[in-house]
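Reading through the structure tokens given below for one structure.
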Amino acid sequence: MNFPIFIQISDLHLSQTSEEERRRRKLFWERWRFEGMLGHSENSLRYLDDFVYSLHQEEPEAQLIVTGDLTAIGQEEEFEIANKFIGATYEPPRGGEVGLNVRNWQLRAIPGNHDHWPGHATIVGRPTSGLQKFFPVSPRMQPVVKLGNGRQLRLLLIDTDRDVGPYSHERVRAVGSFVSELEELSAMLSPLGMNENEIRVLCLHHSAIYRGWKLEIDARSRRELYEFLLRHRIAVALSGHIHRPPWVQTFPVTRPMAPGRTVVVEACCGTTTQFDPTIARQAGFEDSLHWQNSLFVHRLSEVRGEIHWSSEIYLEGRAGFVRADRLRSDIDASAIFKVWPWPPQGIRPPFGIFPK
């Protein structure tokens, strides 16, 4: 039985930003500390292209998952660049075609908060037509992937900015709000019942774990999310949004006063192609401009009758994306969890730089 392989990328922040516009946005960033407006790095696009191409030579069935923020400021043109780069080929200003050639990429992609922006760096305002064009339906659930012996895997996808007002404080603070998404997805899942042989993976832009004045999800959405994870037995959550080195770990979602302890695995990806040297400077990695860009490779395997989920982290180095342990000795490059039978359980300790 061939088990699926997923490449998770996030926070591409694709842009047609000119050098003059990038300078203006950089001044805005330095004043307000709002990341993600400087657009993408062309080198990072090429490194990602090389990585996906090489992996597909070894694993041609590997599927791409995009966990939000395809664009820098939500312009229609930025969505078109994303479609060209991910779905076919794109020619950057410096010349030379680059592209992932994943023509069905929208099946396993979700929008992020930047994709809801109004097409300019003021942040607030109604989204452009690009959002509706490329993400016309939400929430969504994908057809099951058969794993043999009656077991199956299903991807669920939600928009964690669905309920954020275009002129709200939540938009400015990049806070997620999405109770309506969970209600609609729950209604879609309820008629299916709970198949104990189905492994469910939820794709969402905002992290379920992260807490902070900005970037987190609002309190009501968090309560509803944890209830949703329990009710529908979600084994794995794939997220992005935080713009920091990635992590993989379990987190408890047990109902208050309920017996037992249930956990969910979260794989939170950092940025993948963002141009933003400020994080590197702050962390003391001046010699590696794009060290924060990263991606995951997720694999399923069967071990002694159990299905295990493994996550490997790749970081961008000077010559492309490489396994994290080749660039940094302070973290393990992979984590492994049992995801079937329920509930999930850690096998190899989680890794990454975890949220406080």
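The values are calculated or read from the model by the stated rules, or taken from the named source; none is laboratory data. Treat the numbers as computed from the prediction; the structure is a model and nothing was measured. Glycine gets a Cβ as well: all are built from the backbone with ideal geometry, and neighbour counts include every protein chain shown. Calculation scope for accessible area: heavy atoms of the full protein, side chains included, ligands and nucleic acids excluded. Shrake-Rupley method; radii C 1.70, N 1.55, O 1.52, S 1.80 Å.
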* To do: Would you please name the residue that is farthest from the chain's Cα centre (by Cα), looking only at residues in the range 127-149 that are surrounded by fewer than 13 Cβ atoms within 10 Å (Cβ to Cβ) and over 21 Å from PHE6 (Cα atoms)?
  => ASN149
* Can you find even one residue in the range 87-110 that is under 27 Å from GLY148 (Cβ atoms), modelled with pLDDT under 85 and of a type in the set (S, T, N, Q)? -> no
* Asked: Which members of the range 208-240 meet the condition of being assigned to a helix (DSSP H, G or I) and open to solvent by less than 50 Å² (accessible area, probe 1.4 Å)?
  -> SER221, ARG222, LEU225, PHE228, LEU229, LEU230
* Asked: Would you call SER221 farther than 17 Å from HIS298 by Cα and either touching a helix residue (DSSP H, G or I) at 6+ places or on another chain (Cβ under 6 Å) or of a type outside the set (A, V, I, L, M, F, W, C) (or both)?
  -> yes
* Among the residues of the range 49-98, which ones are surrounded by 19 or more Cβ atoms within 10 Å (Cβ to Cβ) and either in a loop (DSSP other than H, G, I, E, B) or among the basic types (Lys, Arg) (or both)? -> GLY68, ASP69, LEU70, ALA72, ILE73, GLY74, GLN75
* Restrict the check to the range 104-117 and report whether at least one residue is within 30 Å of ILE199 (Cα to Cα), assigned to a helix (DSSP H, G or I), free of Cβ contacts under 8 Å to residues at least 60 places away in the same chain and open to solvent by 30 Å² or more (accessible area, probe 1.4 Å). => yes
* Structure fact -> Checked pairs for the range 241-263, first surrounded by fewer than 20 Cβ atoms within 10 Å (Cβ to Cβ) and of a type in the set (D, E, K, R), second part of a strand (DSSP E or B) and modelled with pLDDT of 80 or more, C-beta under 7 Å and 6 or more apart or across chains, list as ARG261/PRO252
* Would you mention how many residues in the range 176-227 are aromatic (Phe, Trp, Tyr) and over 22 Å from GLY165 (Cβ atoms)? => 1
* Asked: Taking only pairs six or more apart or across chains, which ones have beta-carbon atoms under 6 Å, a first residue in the range 76-95 that is of a type in the set (Phe, Trp, Tyr), and a second residue that is open to solvent by 20 Å² or more (accessible area, probe 1.4 Å) and not in a loop (DSSP other than H, G, I, E, B)?
  -> TYR90/LYS84
* Taking the residues in the range 304-314 that are touching a residue at least 12 places away in the same chain (Cβ under 8 Å) and open to solvent by 10 Å² or more (accessible area, probe 1.4 Å) as candidates, determine which candidate is farthest from SER54 (Cα to Cα). => GLU306
* Structure fact -> When the range 118-149 is checked residue by residue, the ones that are small (Gly, Ala, Ser), out of contact with any Ser or Thr (no Cβ under 8 Å at 6 or more places or on another chain) and not in a strand (DSSP E or B) are ALA121, GLY125, SER129, SER138
* Asked: Condition test on THR71, is it within 27 Å of PRO166 (Cα to Cα) and of a type in the set (Ser, Thr, Tyr)?
  -> yes
* Quickly run through the range 169-188 and pick out the residues that are polar (S, T, N, Q) and either crowded, with 16+ Cβ neighbours inside 10 Å or without any contact (Cβ under 8 Å) to a residue 40 or more places away in the chain (or both). => SER177, SER180
* Hey, among the residues in the range 167-179 that are under 19 Å from the mean Cα position of the chain (by Cα) and assigned to a loop (DSSP other than H, G, I, E, B), which one's nearest to ASN195 (Cα to Cα)? -> PHE178
* Are any of the residues in the range 150-166 over 20 Å from the mean Cα position of the chain (by Cα) and either part of a helix (DSSP H, G or I) or farther than 26 Å from GLU61 by Cβ (or both)? -> yes
* Find the residue count for the range 318-327, including only residues that are at pLDDT below 85 and buried (at least 17 other Cβ atoms within 10 Å of the Cβ). => 1
